[in-house]
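Written out below as structure tokens is the structure these notes cover.
The values are calculated or read from the model by the stated rules, or taken from the named source; none is laboratory data. These figures come from a predicted structure and were not determined experimentally. Cβ placement follows ideal geometry from the backbone for every residue including glycine, while neighbour counts extend to all protein chains displayed.
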Amino acid sequence: MKIIGLTGGIGSGKSTVANMFKLFHVPIFIADDVSKMLLGTNEVVIAAVKDLLGEHSYTTNLDNELIPDKKYIASKVFKDVDLLKGLNAILHPAVRTYFDDWLLKQDAPYIIYEAAILFESGGHKRCDAVLLITTNIEERVNRVMQRDQTSREEVEARLSNQWSDIERLNLSDFVIINNNLEITKTYVSIMHDVLLNS
């Protein structure tokens, strides 16, 4: 079973493309979703994040359940590279372990491993090929501002902690420029055929 990495900068449309592959019944692993889930449920992760960022990293909801304070966490790590590296050092091994268990349950010619920081985390080393999703920077900023109801400054801070598309391009096997959804769907269909027959 081939592992196909799917990556791109924030706002490039990775999730949209991943959903297009789902239409072909391709198993999809969304690393960022798993990371968020582990941040709120994995006791080892929770303890390590509290050690790194303090007790204020978590709060309780109306049912008295512990939940991560994502705004607080983001305010810390996106202003401090060392804290971001520390958080990634906690989350990435936990996500890898979860992925290994998930992978054992799959039965398909290939799976998609979608991750925003696939290269930064070294996740591409486990992939048989990498598909890069890209679009122009202004479009990406606007998408994220609208999606996350956040400011341009906050989006640009997040962008500054990710690789540029030029850096990603040098390590990618395939590229889809995601400017037009109908054209992107056609590219995904072609990619699916290529991956089935390669």
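Does LYS125 fit the bill of being in a helix (DSSP H, G or I), charged (D, E, K, R) and in the same structural domain as ASN179 (by TED's automatic domain parsing)?
The answer is yes for LYS125.
Taking GLU154 and the conditions (1) closer than 24 Å to LYS22 by Cβ; (2) in contact with an Asp or Glu (Cβ under 9 Å, 6 or more places away or on another chain); (3) surrounded by 14 or more Cβ atoms within 10 Å (Cβ to Cβ), which numbered condition does it fall short on, given that it satisfies the others?
(1)
When you check ARG147 against the structure, is it in contact (Cβ under 8 Å) with a residue 60 or more places away in the chain, closer than 21 Å to MET20 by Cβ and assigned by TED's automatic domain parsing to the domain that holds VAL175, yes or no?
Considered against the rule, which asks whether it is in contact (Cβ under 8 Å) with a residue 60 or more places away in the chain, closer than 21 Å to MET20 by Cβ and assigned by TED's automatic domain parsing to the domain that holds VAL175, ARG147 comes out as yes.
So which of VAL34, VAL49, VAL45, VAL77 is buried (at least 17 other Cβ atoms within 10 Å of the Cβ), of a type in the set (A, V, I, L, M, F, W, C) and within 30 Å of VAL194 (Cβ to Cβ)?
It is VAL34.
Quick one: how many residues across the range 173-187 are more than 19 Å from ARG140 (Cβ to Cβ), part of a helix (DSSP H, G or I) and not basic (Lys, Arg)?
The total comes to 2.
So, ARG96, is that one within 22 Å of MET1 (Cα to Cα), part of a helix (DSSP H, G or I) and at pLDDT below 95 or not?
yes
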